[in-house]
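Encoded as structure tokens, the structure appears first; notes follow it.
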Amino acid sequence: MAELIWSEEAVADLESIYDFIARDSPLYARHQVESIYKSAERLSQFPESGRPLPEFPNLPHKEIIVDSYRVIYRIDSQSDEVKVIGVVHGKRLLKASTLV
């Protein structure tokens, strides 16, 4: 089982998602963030379950889709870690700078 690590940027993304949705519905905001978090937790057991990034097929990053959001992650098989790099809305343009 791999260790799941959330980058500071990914945690900030979750906070931003919560803040944005909570303007209309704190309950739905909590539900959305919990859904993203729980889906990402499965990566510790199934790190290869995501797909390569369509925009950057040559990079080692993968993604899982949770509702309207893309959870971007990278697998480090040497240290047996899965690092969540960021969480972005599916309609937003994914930039290479997000993947650092």
Q) Considering only the other residues whose Cβ falls under 12 Å of the Cβ of Lys83, what net charge follows from Lys and Arg at +1 and Asp and Glu at -1? A) -4
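By how many nm would the segment from Asp80 to Arg42 lengthen if fully extended, with 0.36 nm per residue of separation less the alpha-carbon distance? Show your work: numbers first, answer last.
On the way: separation 38, 0.36 × 38 = 13.68 nm, distance 1.43 nm.
Difference between extended and current length: 12.2 nm.
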Q. Picking from Val84, Val71, Val11, which is most flexible by a Gaussian network model of the chain using Cα springs under 10 Å?
A. Val11
Q: Would you mind checking the tilt of helix 8-22 against the longest principal axis of the Cα atoms of the chain, expressed as 0 to 90 degrees and rounded to 10?
A: 30 degrees
**Q.** Distance histogram for the chain (every C-alpha pair counted, 5 angstrom bins, percent rounded to whole numbers)
**A.** 3, 13, 25, 25, 18, 10, 4, 1, 0
Q. Taking amide H positions as placed 1.01 Å from N in the peptide plane, with prolines and chain starts having none, which residues 5 or more places from Leu4, or on another chain, fall under 5 Å of its amide H?
A. Val82
**Q.** On Cα atoms only, tilt of 26-41 relative to the major axis of the chain in degrees
**A.** 10 degrees
Q. In a GNM of the chain with a 10 Å cut-off on Cα contacts, which of Ser16, Ser77, Ser39 has the highest mean-square fluctuation?
A. Ser77
Q | Within a Gaussian network of the chain (alpha carbon springs, distance under 10 Å), most fluctuating of Lys38, Lys83, Lys62 | A | Lys38
Q) 222 nm [θ] for the chain, helices only, -39500 (n - 2.57) per DSSP H run of 4+, per residue, to 500? A) -10000 deg cm²/dmol
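Bear in mind that the values in this text are calculations on the coordinates, not laboratory data. For clarity, every value in this text was computed on a predicted model and none was experimentally measured. Quick reminder, even Gly has a Cβ in these numbers, built from the backbone with ideal geometry, and neighbours come from all protein chains shown.
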